[in-house]
Amino acid sequence: MTEQQLHHLLTLLEIALALITLPLLCVIAAPYGRHSRPGWGPTIGTRLAWVLMEFPTVALLIPVFLLGNHASEPIPLIFLFIWLSHYVHRTFIFPLHLQPGTKETPILIVLFGAAFNSLNAYVNARFISHFGVYEAGWLADPRFVGGLALFVIGYAINRDADRTLITLRKDGRPGRYHIPRGRMYRYVSCPNYLGEMIEWTGFAVLTWSLPAFAFALYTAANVGPRAISNHRWYREKFDEYPKERRALIPFLL
Ligand code: NDP
């Protein structure tokens, strides 16, 4: 089997994981954060958990990228920059901002997260710097321009929503939950997940690649059901929870 065939198989595996994850998470909420519960084995601090889980998205992605035949060309380097603009923050900065009282994370989740991120880092990095072929005019292509616009919008929504939750915890008592309000929280309970989905859909469009589409699909399969679980949780916990607010997609879902 050639490396390209293996790469394609691993990309299909990622799509298969998305198709398994979606129904699974509709039945079982991943046991971290507000859905933490006993029975999922030993746990570690959530700051460390995030760094360990997300580490391959930077530490594996960069060397795989650099080994590619097109690694020094401007278009792959722009893709790399876009990817790292999200993942350097998620791996090294976001965990530092998590507030005391954030629940611990099961090691099982960390192992699964790190394994998935390794697979995802390999298939995406290898495509953008090696197997993918991009013409010189790609940066003016509507797919690149539209995808980049989506990525930037998703990034802004995700960061803003994460910041709101962190500020709520900072101003409130450690470990307490509050109703987030304002900006995108006027419309949905989980704009952080909505932003994440828009970002990776944008990345898939701007690279026009199967590995990036696989990741966008996996992200939706992962955070979509969690948004619905979180929305239900908010409604059960807070009598005064805004009735018009949806779970994930404004006015729809
Ligand atoms: P959560 O919203 O569950 O939690 C984020 C932080 O905010 C935690 O510290 C949490 O505390 C705290 N928090 C949450 N809600 C409240 C509230 N109402 N009041 C006070 N504090 C609150 O987000 P996740 O941990 O699931 O995700 C974090 C980021 O990672 C998001 O941007 C998400 O999009 C991204 N992500 C991406 C995935 C992907 O597949 N690409 C998968 C999962 C996450 P506590 O932990 O104690 O609940």
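The values are calculated or read from the model by the stated rules, or taken from the named source; none is laboratory data. This structure is a prediction, so every number in the text was calculated from the model and none was measured. Counting neighbours? That spans all protein chains shown, and the Cβs are built from the backbone with ideal geometry, glycine included. Heavy atoms of the whole protein, side chains included, go into the accessibility calculation; ligands, DNA and RNA do not. Shrake-Rupley method; radii C 1.70, N 1.55, O 1.52, S 1.80 Å.
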Can you tell me which residues in the range 74-111 are over 22 Å from THR43 (Cβ atoms) and within 16 Å of the ligand (Cβ to nearest atom)? ILE82, TRP83, LEU84, SER85, HIS86, TYR87, VAL88, HIS89, ILE93
Determine, yes or no, whether SER36 is open to solvent by less than 60 Å² (accessible area, probe 1.4 Å), of a type in the set (Ser, Thr, Tyr), in contact (Cβ under 8 Å) with a residue 24 or more places away in the chain and over 30 Å from LEU139 (Cβ atoms). yes
Test: residue in the range 92-103 that is in a helix (DSSP H, G or I), touching a residue at least 40 places away in the same chain (Cβ under 8 Å) and open to solvent by less than 40 Å² (accessible area, probe 1.4 Å): yes
Hits in the range 51-74 - residues which are out of contact with any Gly (no Cβ under 9 Å at 6 or more places or on another chain) and of a type in the set (A, V, I, L, M, F, W, C): VAL51, PHE55, VAL58, ALA59, LEU60, LEU61, ILE62, VAL64, PHE65, LEU66, LEU67, ALA71
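May I ask you to say which residue of ALA140, ALA114, ALA71, ALA121 is under 15 Å from THR46 (Cβ atoms) and more than 12 Å from the ligand (Cβ to nearest atom)? Walk me through how you get there before you give the answer.
Values: ALA140 fails: under 15 Å from THR46 (Cβ atoms); ALA71 fails: under 15 Å from THR46 (Cβ atoms); ALA121 fails: under 15 Å from THR46 (Cβ atoms).
When all the criteria are applied, what remains is ALA114.
Open to solvent by 60 Å² or more (accessible area, probe 1.4 Å), part of a helix (DSSP H, G or I) and touching a Phe, Trp or Tyr at 6+ places or on another chain (Cβ under 9 Å) - does that describe any residue in the range 123-137? Even if it seems obvious, please write down each step before you answer.
From the range 123-137, those open to solvent by 60 Å² or more (accessible area, probe 1.4 Å) are 133, 135-136; that's our starting set.
Subsequent filtering for residues that are part of a helix (DSSP H, G or I) retains 136.
Next cut, touching a Phe, Trp or Tyr at 6+ places or on another chain (Cβ under 9 Å) only: none.
No: zero hits.
Would you tally the residues in the range 203-214 being open to solvent by 10 Å² or more (accessible area, probe 1.4 Å) and part of a helix (DSSP H, G or I)?
Step one: list which residues in the range 203-214 are open to solvent by 10 Å² or more (accessible area, probe 1.4 Å), which gives 205, 208, 210, 213.
Among the residues that remain, those that are also part of a helix (DSSP H, G or I) are: 205, 210, 213.
Adding up the residues that qualify gives 3.
When you look at ALA214, is it touching a Ser or Thr at 6+ places or on another chain (Cβ under 9 Å) and within 21 Å of ALA29 (Cα to Cα), yes or no? It would help to see each step written out before you state the result.
Values: touching a Ser or Thr at 6+ places or on another chain (Cβ under 9 Å): yes; within 21 Å of ALA29 (Cα to Cα): no.
Spelling it out, it is not the case that ALA214 is touching a Ser or Thr at 6+ places or on another chain (Cβ under 9 Å) and within 21 Å of ALA29 (Cα to Cα).
Quick check on ILE107: is it touching a Pro at 6+ places or on another chain (Cβ under 8 Å) and open to solvent by 50 Å² or more (accessible area, probe 1.4 Å)?
Against the criterion (touching a Pro at 6+ places or on another chain (Cβ under 8 Å) and open to solvent by 50 Å² or more (accessible area, probe 1.4 Å)), ILE107 qualifies.
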Give the range 151-202 a look and list any residue that's among the acidic types (Asp, Glu), crowded, with 17+ Cβ neighbours inside 10 Å and either at positive phi or more than 8 Å from the ligand (Cβ to nearest atom) (or both), or say none. GLU199
Looking at ALA114, ALA30, ALA71, can you tell me which residue is surrounded by 16 or more Cβ atoms within 10 Å (Cβ to Cβ) and either under 19 Å from TYR193 (Cβ atoms) or at pLDDT below 95 (or both)? ALA30
Residue satisfying condition, being open to solvent by 80 Å² or more (accessible area, probe 1.4 Å), within 15 Å of the ligand (Cβ to nearest atom) and modelled with pLDDT of 95 or more, within set ILE20, ILE44, ILE15: ILE20
